[in-house]
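The values are calculated or read from the model by the stated rules, or taken from the named source; none is laboratory data. Predicted, not measured: the structure shown is a model, and the values here were computed from it. Here the Cβ is made from the backbone with ideal geometry for all residues, glycine too, and neighbour counts use every protein chain on show.
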Amino acid sequence: MIDQKELDDVDRQLINIVQLDFPLDPHPFRTLGEQISISEKEVISHLKKLTELGAIRKIGPIIDTRKIGGDSTLIAMRVPEHEINEVAMQINSFDEVSHNYLRPGTYNLWFTVSARSKSRLLEIFSEIKKMGYPFLDLPVERMFKIGVMFKV
């Protein structure tokens, strides 16, 4: 958990803007700086700090795989604790896995798979089954976008 005292007003402004109105521009960090009256270099410095703190995990597009003919799902896998790192590395070897994370509970390794087609997703399921661990396929039924807005 990030201590909000570690964030200054510029950090909060950047988090708000990056979530809601990231500029599609050849120089997005310069444009962000112009919006809040700081330099491009300062924007980059603040974003690096926010990444190091864990406030920002990644800046990139979120593509609705289904709208471009693909398929995606969330998978929860039950992996013995002493094998987590090895299995996570295997999971990360799939280009279609965007991230994985450890959660407490019986199903402890969770990851998202976004494939170019339903058939490719089924191929990945087949490879995952070969690992020998039980898993749950949890496809999206309803999409939620959760954002955090800071008062500046």
### Task
Test T65 against the criterion of being in contact with a Pro (Cβ under 7 Å, 6 or more places away or on another chain) and either under 20 Å from R142 (Cα atoms) or of a type in the set (F, W, Y) (or both), and give yes or no.
no
### Complete set of residues in region 20-42 that are surrounded by 15 or more Cβ atoms within 10 Å (Cβ to Cβ) and under 21 Å from I62 (Cβ atoms)
P23, P28, F29, T31, L32
### Query
Between residues in region 113-131 that are touching a residue at least 40 places away in the same chain (Cβ under 8 Å) and residues that are in a helix (DSSP H, G or I) and of a type outside the set (F, W, Y), which pairs lie under 7 Å by C-beta distance while being six or more apart or on different chains?
V113/L121; V113/I124; S114/T65; A115/L121; A115/I124; M131/V87; M131/Q90
#### Entry: For D9: the one exception among (1) at negative phi; (2) modelled with pLDDT of 95 or more
(2)
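Listed here are the residues, each with its yes/no results for (1) in contact with a Gly (Cβ under 7 Å, 6 or more places away or on another chain); (2) under 30 Å from M131 (Cβ atoms).
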position: V10; (1), (2): no, no
position: Q19; (1), (2): yes, no
position: L50; (1), (2): no, no
position: I62; (1), (2): no, yes
position: R78; (1), (2): no, yes
position: Q90; (1), (2): no, yes
